[in-house]
1. Look at Leu298 and say whether it is within 16 Å of ligand 1 (Cβ to nearest atom), over 25 Å from Thr316 (Cβ atoms) and more than 20 Å from the chain's Cα centre (by Cα).
2. Filter segment 1-32 for residues that are of a type outside the set (Val, Ile, Thr), within 16 Å of ligand 1 (Cβ to nearest atom) and touching an Asp or Glu at 6+ places or on another chain (Cβ under 8 Å); which is farthest from Phe365 (Cα to Cα)?
3. Checking the conditions here, which among Asn52, Asn59 is within 24 Å of Arg424 (Cα to Cα), within 16 Å of ligand 2 (Cβ to nearest atom), buried (at least 23 other Cβ atoms within 10 Å of the Cβ) and modelled with pLDDT of 95 or more?
4. Restricting attention to segment 5-20, and to residues there that are farther than 23 Å from Leu448 by Cβ and of a type in the set (Val, Ile, Thr), which single residue is surrounded by the most Cβ atoms within 10 Å (Cβ to Cβ)?
5. Provide a single number: the residues in segment 43-67 that are of a type in the set (Lys, Arg) and within 16 Å of ligand 1 (Cβ to nearest atom).
6. Taking segment 189-223 on its own, how many of its residues are assigned to a loop (DSSP other than H, G, I, E, B), touching a strand residue (DSSP E or B) at 6+ places or on another chain (Cβ under 8 Å) and of a type outside the set (Gly, Ala, Ser)?
7. What is the residue count in segment 136-160 for residues that are surrounded by fewer than 14 Cβ atoms within 10 Å (Cβ to Cβ) and among the polar types (S, T, N, Q)?
8. Name the pairs whose Cβ atoms lie under 6 Å apart, with the first residue in segment 72-88 and in contact (Cβ under 8 Å) with a residue 12 or more places away in the chain, the second part of a helix (DSSP H, G or I) and within 16 Å of ligand 1 (Cβ to nearest atom), and 6 or more positions between them or separate chains?
Amino acid sequence: MNKKMWWQNAVVYQVYPKSFQDSNDDGIGDLRGIINRLDYIEKLGVDVIWLNPVYKTSNIDGGYDISDYKSINPTFGDMHDFEELLGKAHERGLKIMMDLVVNHSSFEHEWFQKSISSKSTDNKYRDYYIWRDPVNDHEPNNWGSFFSGPAWTLDKSSGQYYLHLFAKEQPDLNWDNPELRHSIFDMMNWWATKGIDGFRMDVISLISKPIGLPDGRIHGSELYGDAAEIVANGPHIHDYLTEMNKHVLKKHDWITVGETIGVDTKEAEKYANLDGTELNMVFQFEHVSLDGNDNPALGKWSDNHVSLKKLRDNLTKWQKSLYGKAWNSLYWNNHDQPRAISRFGNDSEEYREVSGKMLAALLHFMQGTPYIYQGEELGMTNAGFQELSQYKDLESINAYEELVEKEKLITSQDMMTYLRARSRDNSRTPMQWNRDIYAGFSHVKPWLSVNPNYQAINAEDELSDPNSLFYFYQKLIKLRHTLPVITDGDFNLFKENEEDKEVFAYTRKNKNETLFVIANFTSHSVTRQYDVPSESKLIIQNYPTNDNQVLKPYEVKVYLYTSPSTTLHL
Ligand code: TEU
Ligand code: CA
């Protein structure tokens, strides 16, 4: 694959349907709501909408527990609504990428219902999931679930345990069974006939389990072993994805992105290789795992702030390692991560907008396909919940129970602080459309509280302000579509920037053009010596004025100039 693929020049907008727009006043977002907001998404200028799961679900984990891969969650609408959404998106030149959740299904899925019904060898569905006998009257191994508690649940009637890396209502599918794999490939091709434009593949790095299912490492005072690090990138992962590519992906001009927990740059080179034998790109987790708790037993639960050096080193590593070999995805946040401005910028009234613009520019001038999570383009912030009862996400609720009540590892007050910093609900609060009650998301009380700051942060106000964050994103997207160097240029940290604690600066360069991006990560002014050719154009900035060599709080400036000639003049 040498020519540029369409998705290398694309920008993706992520829609979490439950929180985007309610059209029928039940307090829950739906497909009709998305249809009604297509003008808004089109105006932003993105190319692709990634829809979080819209399938029939048991509703345990925000739709990531699918009970029927071929039907639509009735709370969101029906298949006609879906087809209408797809058709109307296509009319506007917007593509739709669906979520593919096939590491596990819901326990209510027909396959699991048949699987659990009997362990007889005539029951071919038994082997669609991962069943094991108890070991010394206990779970088959020490693995913990991502959502607290053990990763195994006993089925009393057969006396065997089934594996679930997530909730017990999300049993893991057995990818070592070829018939299961082909059932999934058929289902993917069935969606292809509907005309969808690709898949985001949920925890796809976890589908090939290690042989013998050995115990995981126990970190600190944790109760369970770490399954993720030994399950990720299992023995057959690349065989299974190559097979999927052959039976499904290579037949379609799709965008595909694997959500890949536990993937480093070496592994990413395989998943997202430029020969196109597996996936187009992956979501790596490194840059969103740098601010975890110093106590490994607490994992992601912390309110630490990552140092600029660590963040810059990590992003630089991904930019440089994948260059010419594989393709990056670029993201600051999504439905599982806290809001970017609250985490990496500054969500105070004074600096919210300017730091949001700085983060946006820094990411959007890197190489890869950028993902914008709904509300990011408005500068939405973390939820700020004060009560445990405001949280709806099972990960948060279970973690509180396990860490505060059961293990007594931390105080309730500390956990509330950590939830405010890291709960997945921070990004799931309803989209802020306007100043009406419930922010224009619904006319009734939404399923999750609206962030009270919707009076100050909402789409309607930003659409009427030419200097808003919304239009800044719109401009970044336009620049990506028009300046090839953003897609194909190489990446280099600005000289001697490796140790800088305040400034992140880099160049992108191809044979014609060079970009110079310089950003102040702090809330004070700094000065730096940098020279750009006198004919350089300042193509985007987040302050109305530019003082040479000075960077105001969270200031970002991006210069474009002709690449210095590399030919020798004798
Ligand atoms: O996420 C995988 C996953 O492990 C993380 O979301 C994890 O929960 C996060 O890093 C916080 O600790 C995917 C989906 O994106 C997520 O919404 C699902 O809950 C999960 O898989 C199970 O399907
Ligand atoms: Ca609704």
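The values are calculated or read from the model by the stated rules, or taken from the named source; none is laboratory data. From a predicted model like this one, the values you see are computed outputs, not experimental measurements. Cβ: placed from backbone, ideal geometry, glycine included. Neighbour counts: every protein chain shown.
1. Judged against the criteria, Leu298 is a match.
2. Checking each candidate, the answer is Gly29.
3. The match here is Asn52.
4. So, considering only residues that are farther than 23 Å from Leu448 by Cβ and of a type in the set (Val, Ile, Thr), the one surrounded by the most Cβ atoms within 10 Å (Cβ to Cβ) is Val12.
5. Step one: filter segment 43-67 for residues of a type in the set (Lys, Arg), giving 43, 56.
Of the ones still in play, those that are also within 16 Å of ligand 1 (Cβ to nearest atom) are 56.
Adding up the residues that qualify gives 1.
6. Filtering segment 189-223 for residues assigned to a loop (DSSP other than H, G, I, E, B) gives 195-197, 202-203, 207-223.
Remaining after also requiring touching a strand residue (DSSP E or B) at 6+ places or on another chain (Cβ under 8 Å): 196-197, 202-203, 207, 209, 213, 215-218, 222-223.
In the following step, the residues that additionally are of a type outside the set (Gly, Ala, Ser) were identified as 196-197, 202-203, 207, 209, 213, 215, 217-218, 222-223.
Going through segment 189-223 one residue at a time, the tally reaches 12.
7. 2
8. If the second residue must be part of a helix (DSSP H, G or I) and within 16 Å of ligand 1 (Cβ to nearest atom), the pairs left are Phe76/Pro17.
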